[in-house]
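The values are calculated or read from the model by the stated rules, or taken from the named source; none is laboratory data. No experiment lies behind these values; they were computed from the predicted model shown. Note: ideal-geometry Cβ built from the backbone for every residue, glycine included; neighbour counts use all protein chains shown. Surface areas here come from the heavy atoms of the whole protein model, side chains and all, with no ligands, DNA or RNA. Shrake-Rupley method; radii C 1.70, N 1.55, O 1.52, S 1.80 Å.
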Amino acid sequence: MDFNMKKLASDAGIFFTRAVQFTEEKFGQAEKTELDAHFESLLARADSTKNWTEKILRQTEVLLQPNPSARVEEFLYEKLDRKVPSRVTNGELLAQYMAEAASELGPTTPYGKTLIKVAEAEKRLGAAERDFIHTASINFLTPLRNFLEGDWKTISKERRLLQNRRLDLDASKARLKKAKAAEAKATCEGDTVPDFQETRPRNYILSASASATLEDTCRPPSWAEWKEDYPGGWRRPCFFLVPLNPSVTLARGCLSLPKDGKLWNDEVDKAEQELRVAQTEFDRQAEVTRLLLEGISSTHVNHLRCLHEFVESQTTYYAQCYRHMLDLQKQLGSSQGAIFPGTFVGTAEPASPPLSSTSPTTAAATMPMGPSVADLAPPGEAALCLEEVAPPASGTRKARVLYDYEAADSSELALLADELITVYSLPGMDPDWLIGERGNKKGKVPVTYLELLS
């Protein structure tokens, strides 16, 4: 390893200079270069984007995987760059338990048959959930993570570099200001030895004597020189600061430095040169950082597209769940007549669009009753018999259609949202269905699509 002592000392001096400048700014003892309003707004928007992206990412992970232990396990696998093992969803696990229970309690019993049907539905729900989690992770979570772990880290790095360039610039401004002030003071008071502690950069080393520090470059002064410079006699050497790259040669103990007015001009020229270099580096870094911050707009566009894909996958998932539960509900409803003939079983809540405040099961149970559907005709002539059925003597009710409904067969009545129809119930019917009439048309209609009016 090439160990460069001069570079190490220079880096330490720069770090010390920045630390002093930062501390003085915090205490209000030094001026600070302010960024323009547009740049500050870009910084604020970037910070806000980062903070809200982190919150949305964490909460989406909770939505997709509520188990914190499972989330930690997935995080570790991801950091180790290993494939996450397949995990059984809660719906699939419930389906497995129900199937085992039906096998042990008797698959031919009514309870066992129902357990098997529900288990199949839960298994389909679990598979739909697995697909949704996989799709959401790829289309939504991965782009958010890529922004936080890629683009944002680059922005943060360039912002730290900009902060360092600003501290260097302000330190150079402070040095030039002090050098000019000392030059003006020397002009008024006469030639004086410059105060390097005020004008030089802060990368100094402390030396006990000039002859000890610059032993190889200085010759010992003669007695005549001592006597000429100090007619009052001998005085003890004092401590002073020696620059790492001294521009003053032949420094000897506490001897007076060359009393030349050009020395102050050199100090000012050097400070101005350093200020120009610091200003150039600051402007270049500010432009790089500005371009990265303006790229946040593209990040918003990308996140918007990912958000649309997340909503689409979520819509697909809930539509699949609704379809599976509606099929299950129809299966259970058709089996209720065989298990409980001539009675109503309305304990299950329908998996359907939002309903009115009136419970569909209660509404169906309180509807006026007509002849039993089973007594009308054989199943093959159900449509014809429905056309010939008259409303019950006990009366009918009006209902408003909440959603469009497409009839599955000729025994059902197609519905349009917001239209009014006449409905009534028949003994032995599925409690989730009613007989609806609209003009000369008649057929079965689902209760979940209706709002019964008083």
Confirm whether A95 is hydrophobic (A, V, I, L, M, F, W, C), surrounded by 13 or more Cβ atoms within 10 Å (Cβ to Cβ) and in contact (Cβ under 8 Å) with a residue 40 or more places away in the chain.
no
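Taking the options S86, S103, name whichever one is assigned by the TED database to the domain that holds N146, open to solvent by 70 Å² or more (accessible area, probe 1.4 Å) and over 30 Å from F147 (Cα atoms).
None of the other options fit; the residue is S103.
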All but one of (1) within 14 Å of the chain's Cα centre (by Cα); (2) over 24 Å from P85 (Cα atoms) hold for T142; state the number of the condition that does not hold.
(2)
Consider A127 carefully, then state whether it is outside any loop (DSSP other than H, G, I, E, B), surrounded by fewer than 17 Cβ atoms within 10 Å (Cβ to Cβ) and hydrophobic (A, V, I, L, M, F, W, C).
yes
Could you please give the count of residues in segment 106-119 that are in contact (Cβ under 8 Å) with a residue 40 or more places away in the chain and open to solvent by 50 Å² or more (accessible area, probe 1.4 Å)?
3
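Residue under question is I133, and the condition is that it be without any contact (Cβ under 8 Å) to a residue 60 or more places away in the chain and open to solvent by 40 Å² or more (accessible area, probe 1.4 Å); does it hold?
On the way: without any contact (Cβ under 8 Å) to a residue 60 or more places away in the chain: no; open to solvent by 40 Å² or more (accessible area, probe 1.4 Å): yes.
No; evaluated as a whole, the condition is false for this residue.
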Segment 169-195, subset open to solvent by 80 Å² or more (accessible area, probe 1.4 Å) and over 30 Å from L35 (Cα atoms), residue modelled with the highest pLDDT
K185
Might you let me know whether segment 17-25 holds any residue that is β-branched (V, I, T) and assigned to a loop (DSSP other than H, G, I, E, B)?
no
Assuming L43 fulfils every condition listed in (1) open to solvent by less than 50 Å² (accessible area, probe 1.4 Å); (2) modelled with pLDDT under 85 apart from one, which condition is it?
(2)
Residues located in segment 1-15, provided they are open to solvent by 100 Å² or more (accessible area, probe 1.4 Å) and either in contact with a helix residue (DSSP H, G or I) (Cβ under 7 Å, 6 or more places away or on another chain) or at pLDDT 75 or above (or both)
F15
Among the residues of segment 313-330, write down those that are of a type outside the set (G, A, S) and closer than 15 Å to T60 by Cα.
Q314
State whether one or more residues within segment 383-405 are closer than 21 Å to Q331 by Cβ and modelled with pLDDT of 85 or more.
yes
Checking the structure you have, find out if any residue of segment 251-265 is surrounded by 15 or more Cβ atoms within 10 Å (Cβ to Cβ) and either assigned to a helix (DSSP H, G or I) or modelled with pLDDT of 90 or more (or both).
yes
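In the list Q21, Q29, Q65, Q59, which residue meets the criterion of being exposed (fewer than 13 other Cβ atoms within 10 Å of the Cβ) and more than 12 Å from the chain's Cα centre (by Cα)?
Numbers: Q21 fails: exposed (fewer than 13 other Cβ atoms within 10 Å of the Cβ); Q65 fails: exposed (fewer than 13 other Cβ atoms within 10 Å of the Cβ); Q59 fails: more than 12 Å from the chain's Cα centre (by Cα).
Unique residue meeting the criteria: Q29.
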Just to be sure I understand, how many residues within segment 399-451 are open to solvent by less than 20 Å² (accessible area, probe 1.4 Å), assigned to a strand (DSSP E or B) and not aromatic (F, W, Y)?
13
